[in-house]
Amino acid sequence: MKLFIGDRLLNMTSEELDRLYLNEGSEGVIYKNGEEVYKIYKDNPMIDKLSLEQVDRLRKLKLKRFIVPNNPIFDEDGNFVGYSSRFLNEEKFSKIFDLDGKTFKKELRLLIDDVKNLTKNGIEIDDLHLSNIVLSDGSLYFIDMGGFKHSEDDDLERTNMFRFQYFIISSLLALPLSKKNRKKFENKYSAFENFDSFIDSIDDNESVKNFSKRVIR
């Protein structure tokens, strides 16, 4: 099997590629090769996947916490079949909730910087899932931008910030709570007008988990 990672040839048998298997989702299969991962899309016209144009647009951006594609991947017939990106050593997901408030606030602000950068470049963020946020060496990253697309929406900044804010509050911070309290937390904070003030309300020395439980009392 021949794959071209950008203009670099990766020539290996199907069995050799299978040995690089890492995991897979509804969109594609992930292979790890050294410090790179390859996302090879499944042959399904119904899945929401990045186009070659979107990969080229995203790979030019300098982002701190959103992992952008490195290179498009083509098969031997020149068909675009996926993309490569940086590999991260993921820590156990639950460790996110053990982060102290000071670290968590710093990471949130770096993610917000990336959201602003994406907005400035006309990229609409969408399809944010808990499976796409990971902790690596104490830092938070988004690792899959499959639902991101070019947009000329005049209100893109508001759209992107609302989606990011809603994800952080309703999906991530509410997760350690009971089902009943999760809904209370979501109703109380998901439409919070001043996200900066919300972030500032997290105490530097409390864990993310304790913050969620404290503010819902």
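Miscellaneous remarks
- Placing unit charges on the Cβ atoms only, positive for Lys and Arg and negative for Asp and Glu, gives the chain a dipole magnitude near 1120 debye about its Cα centre.
- The rule of thumb for compact globular proteins, 2.2 N^0.38 Å, goes into the C-alpha radius of gyration of the range 2-86 1.05 times.
- Helix-only arithmetic for the chain: the sum of -39500 (n - 2.57) across DSSP H runs with n ≥ 4, divided by the residue total, places the mean residue ellipticity at 222 nm at -9500 deg cm²/dmol.
- When 136, 197 are arranged by Cβ crowding within 10 Å, least crowded first, meaning fewest neighbours, the order is 197, 136.
- Cβ-defined net charge surrounding residue 155, 13 Å radius [Lys, Arg +1; Asp, Glu -1]: -3
- P(r) tail, the chain: Cα-Cα pairs separated by more than 31 Å, 27% of all pairs.
- Built amide H within the under 5 Å cut-off of residue 87, gap 5+: 36, 37
- Using alpha-carbon coordinates, inclination of helix 101-120 to the longest axis of the chain, degrees: 50
- Candidates 52, 170, 26 compared by Cα position along the dipole of the chain: farthest toward the positive end lies 170, with charges placed on Cβ.
- Legend: ranking of residues 51, 212, 171 from fewest to most surrounding C-beta atoms inside 10 Å; resulting order 51, 171, 212.
- Straight-line reach from residue 180: taking Cα to Cα under 21 Å and skipping same-chain neighbours fewer than 8 places apart, the lysines in range are 188, 209, 213.
- Considering only 187, 198, 130, the residue lying farthest towards the positive end of the dipole of the range 93-215 is 187, judged by Cα position with unit charges set on Cβ.
- Tensor-based shape of the range 147-217 (alpha-carbon gyration tensor, a/c under 1.5 rounded, otherwise prolate or oblate): prolate
Bear in mind that the values in this text are calculations on the coordinates, not laboratory data. Quantities reported herein were computed from a predicted structural model and do not represent experimental measurements. Because the Cβ atoms are built from the backbone with ideal geometry, glycine has one as well, and the counts that use them run over all protein chains shown.
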